[in-house]
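Notes for the one structure printed next.
The values are calculated or read from the model by the stated rules, or taken from the named source; none is laboratory data. Keep in mind it's a predicted model, so treat the numbers as computed, not measured. Cβ: placed from backbone, ideal geometry, glycine included. Neighbour counts: every protein chain shown.
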Amino acid sequence: MTAGSFPGTAGRVGVPLDGKGLLDVLGVAAVVVDDRGRIVLWSPQAEDLFGFGADEALGRYVARLIVGEEHREEALRLFGEVLHGGTTWSGTFPVRHKDGTDRQVEFRNMRLTDDRGDLYALGIAADRSAVERVETELALSDRLVTQSPIGLALLDTELRYVLVNPALERINGVPAELHVGRRIGDMLPMLDAGGLEAALRTVLTTGVPLLDHATTGRTPADPEHDHVWSVSLSRLEAAEGRVLGVAVSVIDVTERHRADAAADRSRRRLALIADASARVGTTLEVERTADELASVVVPELADIAAVDVLDSVLALRRPGAPEEGPELFRALAVKAAGRTEALPAADPPGAVAMYGADRLVTRCVHSGLPVLVEHVGPGDLSRIARSPQAAELLARAGVHSYLAVPLIARGEVLGALDLKRDRNALPFDGDDVLLATELAARAAVSIDNARWYQSVRNSAVTLQRSLLPGAPPDLTGLEIAARYQPAQASSEVGGDWYDVIPLPDDKTALVVGDVMGSGIDAAATMGRLRTATCAFADLDLSPAQVLRHLDRITEGLEHYIATCLFAVHDPVRGRCRIANAGHLPPVRVPADGPAELVRLSTGVPLGVGGGRFHTARVPFRPGDRLVLYTDGLIETRHEAIDERLALLVGLLDEARGPLEETCDLLLRSLRRPGAPDDVALLIARSTG
């Protein structure tokens with residue numbers, strides 16, 4: 001008998017272990033001894049464990065080879081019990097290594113019988129320290145698996161459960177034994193089993209771990225609520241590289257997820273409030289402010305937003321106490337996140353609609369409190385929409401949650417911010433109410449400021465226009481066209497004016513002026529100067545003399561100053577006499593020549609005092625045109641005045657059509673959107 005062979009096994013082929021398995025880690029040795037105690041089989045591991053090669057061990061008495069003299073009697077006793085008593089013995093026994101040292105070896109001894117009835121003793125041996133190390137590691141692994149608060153599972157290559165620890169039992173709400181042999185979808189139908197199994201197959205195929213993969217769903221442990229789990233997957237391989245399956249770890253991170261979601265929501269809400277602070281109220285225009293508010297809340301807070309203001313509030317006739325009956329609303333802005341049937345259900349901007357006392361938006365403005373319908377039902381739509389047709393549109397759009405918050409400024413309810421959700425699956429909640437109320441309060445102050453400024457501006461514009469001349473009278477030898485436009489970027493008007501004054505002997509005074517400043521005071525000053533100009537012009541004074549008188553008057557008008565261009569047309573002599581008080585030069589357009597700026601001696605503005613004014617004589621023959629204007633027509637912040645004057649002259653050189661068309665062309669070409677100054681424009685053409 002030689003090492004690696006055994007009586008009765010001739011002709012059989014052994015199956016070697018590939019790679020390094022558990023037996024290799026333990027260094028398990030096999031030794032077979034016949035009934036006389038001679039060694040008949042000695043494995044390679046025995047050589048590593050005891051130090052003797054097969055050629056040194058085979059045929060030797062085992063007790064003499066590896067047992068010290070002091071332990072031989074005990075060894076022979078145990079050998080006899082195993083061989084003749086048929087018992088199995090296991091335990092630790094001291095042996096002698098070839099190097100002369102004694103070592104503790106873990107044995108498992110048993111009797112063997114071959115096909116001829118001969119008896120043998122088989123000893124399976126391993127170094128005690130290696131066994132203890134493996135036992136410790138196995139105990140630790142078992143404790144880690146069974147006592148871990150993390151859900152752990154092992155799935156085979158067919159993605160069937162092989163092992164489930166107690167923590168995962170609790171997470172899934174299913175006993176461990178019911179998991180074994182079944183797939184995820186069989187055990188947990190309320191999870192996205194398809195997505196998880198796809199991830200498992202990817203890990204099996206590539207060997208690349210998937211860490212901290214979030215999955216959401218419900219399990220039998222808590223079938224009424226959604227949970228969020230962090231799932232990590234890693235491929236398990238044997239020592240020789242054979243794939244065993246996938247190890248799965250599961251941690252319930254629902255609370256963390258909720259906390260993160262709440263923190264993220266808070267960050268987004270703070271960002272939304274900051275955005276609203278920067279974007280809402282950039283102008284003193286009611287409609288623009290409402291549109292800015294609607295643009296901020298869509299889609300961050302709502303899918304559809306409408307800003308509706310009480311019509312009586314815009315007219316500045318809202319009583320102090322809230323009403324009980326229906327309310328007339330004016331829609332200022334409507335926004336939607338994408339195309340939706342809910343948009344046509346809203347009142348378009350500018351529209352006026354009456355909402356009964358039973359409507360939720362009316363209740364909101366009457367009570368001054370938010371109105372929240374978390375889950376909109378069919379009965380609620382009739383109290384939200386303006387009509388049954390609009391309610392049907394909201395139903396088709398899938399509107400499922402509604403919120404209206406009042407627009408309150410300085411204790412007065414101005415209107416309501418109306419919010420709906422159709423795409424966002426979450427209903428409005430208490431946090432949304434607080435956020436919407438905060439945004440509405442900020443916007444309401446801007447809307448209130450805008451409506452008062454617009455009222456003041458309208459009054460100033462009305463005053464300004466009332467002080468300007470009406471349609472020019474029929475004049476001898478002159479055709480007249482004129483325009484006045486108030487400032488577009490300001491809530492106040494300026495003091496620009498023009499005038500056409502018939503004089504004796506078929507003469508006509510042409511006046512353009514600009515009182516520096518804005519508002520009702522500037523308009524009133526302009527009216528006083530216009531009145532004075534008419535009075536002085538009627539005295540047949542020269543243009544320079546008229547300006548000197550106006551200068552003295554303006555000095556006493558509370559530090560107001562003004563620029564003015566005063567021209568007198570004389571059809572008999574075919575000329576204009578012109579004087580300038582700090583104003584931009586007029587443009588003369590000869591009937592048969594290019595347009596040109598009229599070079600004049602520019603005096604100081606009116607109100608400065610002590611200025612010297614000069615009268616210039618300018619040819620003005622039949623067909624010629626004279627264009628007078630204020631600085632609001634050409635001045636801008638980013639272009640040089642010379643460039644703008646050149647552009648004006650170029651336009652007039654080309655515009656040879658009717659005077660009214662020329663006025664429109666100049667305003668359309670030179671006036672910038674949102675211009676900060678008003679404009680007065682006067683064009684005269686000599687008719688002979």
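Please go through region 54-89 and pick out each residue that is among the aromatic types (Phe, Trp, Tyr) and either outside any helix (DSSP H, G or I) or loosely packed, with under 14 Cβ neighbours inside 10 Å (or both).
Going residue by residue through region 54-89, those that are among the aromatic types (Phe, Trp, Tyr) are 61, 79, 89.
Listed by number, the residues that qualify are Tyr61, Trp89.
Among the listed residues Val298, Val286, Val231, Val280, which satisfies the condition of being of a type in the set (Val, Ile, Thr) and assigned by TED's automatic domain parsing to the domain that holds Gly207?
Values: Val298 fails: assigned by TED's automatic domain parsing to the domain that holds Gly207; Val286 fails: assigned by TED's automatic domain parsing to the domain that holds Gly207; Val280 fails: assigned by TED's automatic domain parsing to the domain that holds Gly207.
It is Val231.
Looking at region 257-278, can you tell me whether even one residue there is more than 30 Å from Gly207 (Cα to Cα) and in contact with a strand residue (DSSP E or B) (Cβ under 6 Å, 6 or more places away or on another chain)?
Here is the first cut: in region 257-278, the ones more than 30 Å from Gly207 (Cα to Cα) are 258-278.
If we keep only those that are in contact with a strand residue (DSSP E or B) (Cβ under 6 Å, 6 or more places away or on another chain) too, we end up with none.
No, the conditions are met nowhere in region 257-278.
Could you list, in sequence order, all residues of region 192-242 that are farther than 17 Å from Arg160 by Cα and among the hydroxyl-bearing types (Ser, Thr, Tyr)?
Let us first name the residues in region 192-242 that are farther than 17 Å from Arg160 by Cα, namely 206-230, 238-242.
Listed by number, the residues that qualify are Thr206, Thr215, Thr216, Thr219, Ser230.
Consider only pairs whose beta carbons are under 7 Å apart and that are at least six residues apart or on different chains; among these, list those whose first residue lies in region 64-89 and is in contact (Cβ under 8 Å) with a residue 24 or more places away in the chain and farther than 13 Å from Arg36 by Cα and whose second residue is aromatic (Phe, Trp, Tyr) and in a helix (DSSP H, G or I).
Sorted first by the residue in region 64-89, then by its partner, the pairs are Ile66/Phe50.
Criterion first (in contact with a Ser or Thr (Cβ under 7 Å, 6 or more places away or on another chain), modelled with pLDDT under 95, within 18 Å of Pro543 (Cα to Cα) and of a type in the set (A, V, I, L, M, F, W, C)) does Leu606 satisfy it? Can you show your working first?
Working: in contact with a Ser or Thr (Cβ under 7 Å, 6 or more places away or on another chain): yes; modelled with pLDDT under 95: yes; within 18 Å of Pro543 (Cα to Cα): yes; of a type in the set (A, V, I, L, M, F, W, C): yes.
Spelling it out, Leu606 is indeed in contact with a Ser or Thr (Cβ under 7 Å, 6 or more places away or on another chain), modelled with pLDDT under 95, within 18 Å of Pro543 (Cα to Cα) and of a type in the set (A, V, I, L, M, F, W, C).
Could you tell me which residue of region 652-688 is nearest to Val572 (Cα to Cα), considering only residues that are buried (at least 18 other Cβ atoms within 10 Å of the Cβ) and free of Cβ contacts under 8 Å to residues at least 60 places away in the same chain?
Ala655
Could you check Tyr402 against (1) among the hydroxyl-bearing types (Ser, Thr, Tyr); (2) over 30 Å from Asn449 (Cβ atoms); (3) surrounded by 22 or more Cβ atoms within 10 Å (Cβ to Cβ) and say which number it fails?
Among (1) among the hydroxyl-bearing types (Ser, Thr, Tyr); (2) over 30 Å from Asn449 (Cβ atoms); (3) surrounded by 22 or more Cβ atoms within 10 Å (Cβ to Cβ), Tyr402 violates only (2).
Do you know which residues across region 41-53 are out of contact with any Lys or Arg (no Cβ under 6 Å at 6 or more places or on another chain) and not in a helix (DSSP H, G or I)? Steps first, please.
Restricting attention to region 41-53, the residues satisfying the condition of being out of contact with any Lys or Arg (no Cβ under 6 Å at 6 or more places or on another chain) are 41-50, 53.
Hits for region 41-53 are Leu41, Trp42, Ser43, Gly53.
In region 358-367, is there at least one residue being surrounded by fewer than 16 Cβ atoms within 10 Å (Cβ to Cβ), more than 20 Å from Ala315 (Cβ to Cβ) and in the same structural domain as Ser295 (by TED's automatic domain parsing)?
yes
Name every residue in region 541-579 that is small (Gly, Ala, Ser) and out of contact with any strand residue (DSSP E or B) (no Cβ under 8 Å at 6 or more places or on another chain), in order of residue number.
Of everything in region 541-579, just one residue is small (Gly, Ala, Ser) and out of contact with any strand residue (DSSP E or B) (no Cβ under 8 Å at 6 or more places or on another chain), namely Gly556.
Restricting the search to region 534-544, which residues are closer than 18 Å to His614 by Cβ and either outside the structural domain of Asp505 (by TED's automatic domain parsing) or in contact (Cβ under 8 Å) with a residue 24 or more places away in the chain (or both)?
Ala537, Ser542, Pro543, Ala544
Looking only at region 499-541, which residues are part of a loop (DSSP other than H, G, I, E, B) and hydrophobic (A, V, I, L, M, F, W, C)? Give the steps one after another, and end with the answer.
Of all residues in region 499-541, those part of a loop (DSSP other than H, G, I, E, B) come to 503-507, 519, 538-541.
Passing the criteria: Leu503, Leu539, Leu541.
Can you tell which of Gly603, Gly632 is in contact with a His (Cβ under 8 Å, 6 or more places away or on another chain) and surrounded by 21 or more Cβ atoms within 10 Å (Cβ to Cβ)? Step through it out loud before you land on a result.
Details: Gly632 fails: in contact with a His (Cβ under 8 Å, 6 or more places away or on another chain).
Answer to the check: Gly603.
Which of the strands (runs of 3 or more DSSP E) found entirely inside region 90-205 contain at least 2 residues meeting this: in contact (Cβ under 8 Å) with a residue 60 or more places away in the chain? Show your work before the answer.
Values: elements: 102-113, 119-127, 151-155, 161-164.
Strands (runs of 3 or more DSSP E) meeting the threshold: 119-127, 151-155.
Pick from Leu648, Leu682, Leu670: which is in the same structural domain as Arg483 (by TED's automatic domain parsing) and in contact with a Phe, Trp or Tyr (Cβ under 7 Å, 6 or more places away or on another chain)? Before you say what the answer is, go through the steps one by one.
Numbers: Leu648 fails: in contact with a Phe, Trp or Tyr (Cβ under 7 Å, 6 or more places away or on another chain); Leu670 fails: in contact with a Phe, Trp or Tyr (Cβ under 7 Å, 6 or more places away or on another chain).
Answer to the selection: Leu682.
Among the numbered conditions (1) under 23 Å from Arg656 (Cβ atoms); (2) touching a residue at least 40 places away in the same chain (Cβ under 8 Å); (3) more than 55 Å from the chain's Cα centre (by Cα), tell me where Leu584 comes up short.
Just one mismatch for Leu584, condition (3).
Within region 223-232, identify whether any single residue is in a helix (DSSP H, G or I) and not hydrophobic (A, V, I, L, M, F, W, C), and answer yes or no. Reasoning before the result, please.
From region 223-232, those in a helix (DSSP H, G or I) are none; that's our starting set.
Within region 223-232, none of the residues are in a helix (DSSP H, G or I) and not hydrophobic (A, V, I, L, M, F, W, C).
Condition check: touching a residue at least 24 places away in the same chain (Cβ under 8 Å) and under 57 Å from the mean Cα position of the chain (by Cα). Does Val618 satisfy that? Even if it seems obvious, please write down each step before you answer.
Details: touching a residue at least 24 places away in the same chain (Cβ under 8 Å): yes; under 57 Å from the mean Cα position of the chain (by Cα): no.
No.
Go through (1) loosely packed, with under 15 Cβ neighbours inside 10 Å; (2) within 39 Å of the chain's Cα centre (by Cα); (3) modelled with pLDDT of 90 or more; (4) not charged (D, E, K, R) for Pro175 and report which single condition fails.
Unmet condition: (2).
Can you spot a residue in region 159-173 that is aliphatic (A, V, I, L, M), closer than 28 Å to Thr215 by Cβ, in contact with a Phe, Trp or Tyr (Cβ under 9 Å, 6 or more places away or on another chain) and in the same structural domain as Arg218 (by TED's automatic domain parsing)? Outline the logic, then answer.
Here is the first cut: in region 159-173, the residues aliphatic (A, V, I, L, M) are 159, 162-164, 167-168, 171.
Among the residues that remain, those that are also closer than 28 Å to Thr215 by Cβ are: 159, 162-164, 167-168, 171.
Pick out the ones that are also in contact with a Phe, Trp or Tyr (Cβ under 9 Å, 6 or more places away or on another chain) and you get 171.
Next, from what is left, pick out any that are in the same structural domain as Arg218 (by TED's automatic domain parsing): 171.
So far as region 159-173 goes, yes, one or more of its residues are aliphatic (A, V, I, L, M), closer than 28 Å to Thr215 by Cβ, in contact with a Phe, Trp or Tyr (Cβ under 9 Å, 6 or more places away or on another chain) and in the same structural domain as Arg218 (by TED's automatic domain parsing).
Test of understanding: among Arg423, Arg410, Arg442, Arg451, which residue is of a type in the set (D, E, K, R) and surrounded by 20 or more Cβ atoms within 10 Å (Cβ to Cβ)?
Working: Arg423 fails: surrounded by 20 or more Cβ atoms within 10 Å (Cβ to Cβ); Arg410 fails: surrounded by 20 or more Cβ atoms within 10 Å (Cβ to Cβ); Arg442 fails: surrounded by 20 or more Cβ atoms within 10 Å (Cβ to Cβ).
Residue meeting the stated conditions: Arg451.
What number of residues in region 661-688 are touching a Lys or Arg at 6+ places or on another chain (Cβ under 9 Å) and in a helix (DSSP H, G or I)?
Number of matching residues: 6.
Gly495 - would you say it is surrounded by fewer than 20 Cβ atoms within 10 Å (Cβ to Cβ), modelled with pLDDT under 90 and under 60 Å from the mean Cα position of the chain (by Cα)? Reasoning before the result, please.
Details: surrounded by fewer than 20 Cβ atoms within 10 Å (Cβ to Cβ): no; modelled with pLDDT under 90: yes; under 60 Å from the mean Cα position of the chain (by Cα): yes.
Criteria not met by Gly495.
Only residues that are among the basic types (Lys, Arg) and either under 26 Å from Val515 (Cβ atoms) or part of a helix (DSSP H, G or I) (or both): list them for region 633-660, please. Before the answer, list the steps.
Initial filter on region 633-660 (among the basic types (Lys, Arg)): 637, 644, 656.
Within region 633-660, Arg637, Arg644 qualify.
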